[in-house]
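S.K.: Quick one: the structure is below, and I'll ask about it shortly.
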Amino acid sequence: MAQSLATMRATPALERRALSSLGASSRTSTGTVTRAGRFGPSSRVHHARSPLRARAGDRDRVPDGDKNSRYYSESAAGPAELDSLLELYLSKCRSNAAADAARAALERPSADDVASPSSIPRRGPNAGKVYLIGTGPGDPGLLTLKAYHLMQTADVVLYDRLVSPQILDLVSTDSTMLYVGKQSGYHTRTQDEIEAMMLAFAANGATIVRLKGGDPLVFGRGGEEMEALAARGHEVRIVPGITAAAGVGSELGIPLTHRGVATSVRLLTGHLREGAAKEAASGDGNAVADAVDFAVTSADLDTTLVVYMGLATLPALAAKLLASGFPADTPAVAVERGTTHHERRVFSTIEDLPESVATCGLKSPTLLIVGATVKLSPWWPWRDQAGDAIAPTTSPAYDLQTGLPSEDTREWFTEHSRTLGKLREIGDGVRQTRGEEPAEEGDPSPAR
C-alpha cells in the first residue's frame, strides 16, 4: 500500500521498520485530482540495511533536542540500495505525470491532451541541476533568500545532520527529502554513496538541493562533491551559507578580528580524514599530518583561533597551545549547537577549558573560539566593579550558559507569516514559469 512521507514521519520511533517513503502526495483517484506533491505517491519498501546505515539505537547519537525529529529517523534515509531509491523516484514521476494528464483532461477535454511536462523528468547525462547550499549554523533566520527559494522549488533534497529541523520545515512539501547525515562513527551513507545518489537523480532530470550546515565549502566537503559531479559533466551551483565561526561569533558578540586585539582569524579543523597522515608522509596529500600540531603552528596571540569539530582533540590542543607559550588565562569559549535554542556555551580559559567542557558534558557539534577577542563578548562573565572584562581570579574557572543570548528567530516564522508569504511568491513565480500551480491563497507559510 502506498504510504506518504508525512505518515512515515509521524510513525513512532519504536514502530519504525526498514521501510521508506519518498514524499507526500495529495493526488487522488481518477476524477478528483487535487493540487499535490510533484512526484506523486510513494510505496513502502522493505530492504536489508547495510552496516553503514542508521539503526534504531543510533538515534542516541543525534543531539538530544532532535532525537524525536522525524528528519533524523531511520526511514528518512530511504532504501539502502541506489537502484531501489531511484526506482521509487521514477515511479513517483510516472504517477504524477498520469495524474497531471487526468487533470488536464478534466479541465480541457481534448484528444490532444498530454501529461504536464513539469511532471516528466528530462532524461540525459546533464539533464538535472545540482545546488550545494549552506544553511548556516542552525538559526533559520540566518538562511539566505536564495537558499529558501531553492528549497521551495527543489525536486530532491539531500540533507545533513547539522541542518536543523526548523530549517528543514521550510523545504517545500512537494520535494522528496532524504537524510544522508554523517558524524564520527555513524554514517547513514558513505560519501561515495551520496555522490552516486546525486549523479543518479541528476541524470534523471531532477533539480537537486544538497543542504549542508554552515557553508558548503568550509569543512563541509562541498568541494569533493563539486569535483565528483563536475567530472561527470554536471554543472554544480554553490549557494553560500553563514559559517559557524561567523554565526556563533556574531551571536555572542565576539569579533573574529578587532583592531588592536586580533589582526587575523584562522578557521581550523580538530581532526583530519582517515589516512591523511599516511598521505602526508608519502607526499600524496597535503603536508598536514596532525590537526592539533597544525593548529598550534598556526596560532599566535594576535590571531583568533576557531576550531571546528575539535571537541575530541581539545585536551591535546590546549596542552600544546600552553606549551607553545600561550598564557594560561587566554580567553576561550566552547559553544554547543550555536545559534539554536538548544545552545550551551562554556566560557573559560585555555588552561581550564578541557576540564570545564568535560564537567559540563558538552557534545558534538561544538565550536571552539580561542583568543583575546572572546573577552570582548558582553556574555563574558568575569568583570571588575566598573564592569570591565577581566581574567578569572580563581582556577579552575568556567561559566556554563544555556539558551540563546539573543531573540529566538524561530518565532518569526509563526508570528510574521506575511513575510514568509512574500518569500513564497518567489517560488510561485518559478512554478508558474514551469507550468505549475501557485501555492494556495491564504496559506502563506511553507512549513509542514
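The values are calculated or read from the model by the stated rules, or taken from the named source; none is laboratory data. Not measured: the values here are computed from a predicted model. Positions of Cβ are generated from backbone atoms using ideal geometry, with glycine treated the same way; all protein chains shown enter the neighbour counts. Areas reflect the complete protein model, heavy atoms only, side chains present, ligands, DNA and RNA absent. Shrake-Rupley method; radii C 1.70, N 1.55, O 1.52, S 1.80 Å.
S.K.: With a 1.4 Å probe and every protein chain kept in, tell me what percent of the accessible surface of region 141-214 is carbon plus sulfur.
M.R.: Working: 880 of 1640 Å².
Answer for region 141-214: carbon and sulfur cover 53 percent of the accessible area.
S.K.: Mind giving me the FRET efficiency for Ile390 and Glu235? R0 is 35 Å, r the Cβ-Cβ distance, nearest 0.05 is fine.
M.R.: Working: r = 54 Å, r/R0 = 1.54.
Efficiency for this residue pair is about 0.05.
S.K.: Taking R0 as 45 Å, what's the FRET efficiency between Ser250 and Asp83 from their Cβ-Cβ distance, rounded to 0.05? Before the final figure, lay out the partial values.
M.R.: On the way: r = 45 Å, r/R0 = 1.00.
Efficiency, rounded to the nearest 0.05: 0.50.
S.K.: Using 7 Å Cα-to-Cβ label points, what is the Glu107/Asp293 separation (nm, one decimal)?
M.R.: 6.6 nm
S.K.: Something else: What number comes out for accessible area per residue over region 337-377 if the probe is 1.4 Å? Units Å², please. Please list the in-between numbers first.
M.R.: Numbers: 1170 Å² over 41 residues.
Solvent-accessible surface per residue comes out at 29 Å².
S.K.: Mind checking the per residue accessible area of region 135-195 for me, 1.4 Å probe, whole number of Å²? Write out the running numbers ahead of the final one.
M.R.: Values: 1500 Å² over 61 residues.
That works out to 25 Å² per residue.
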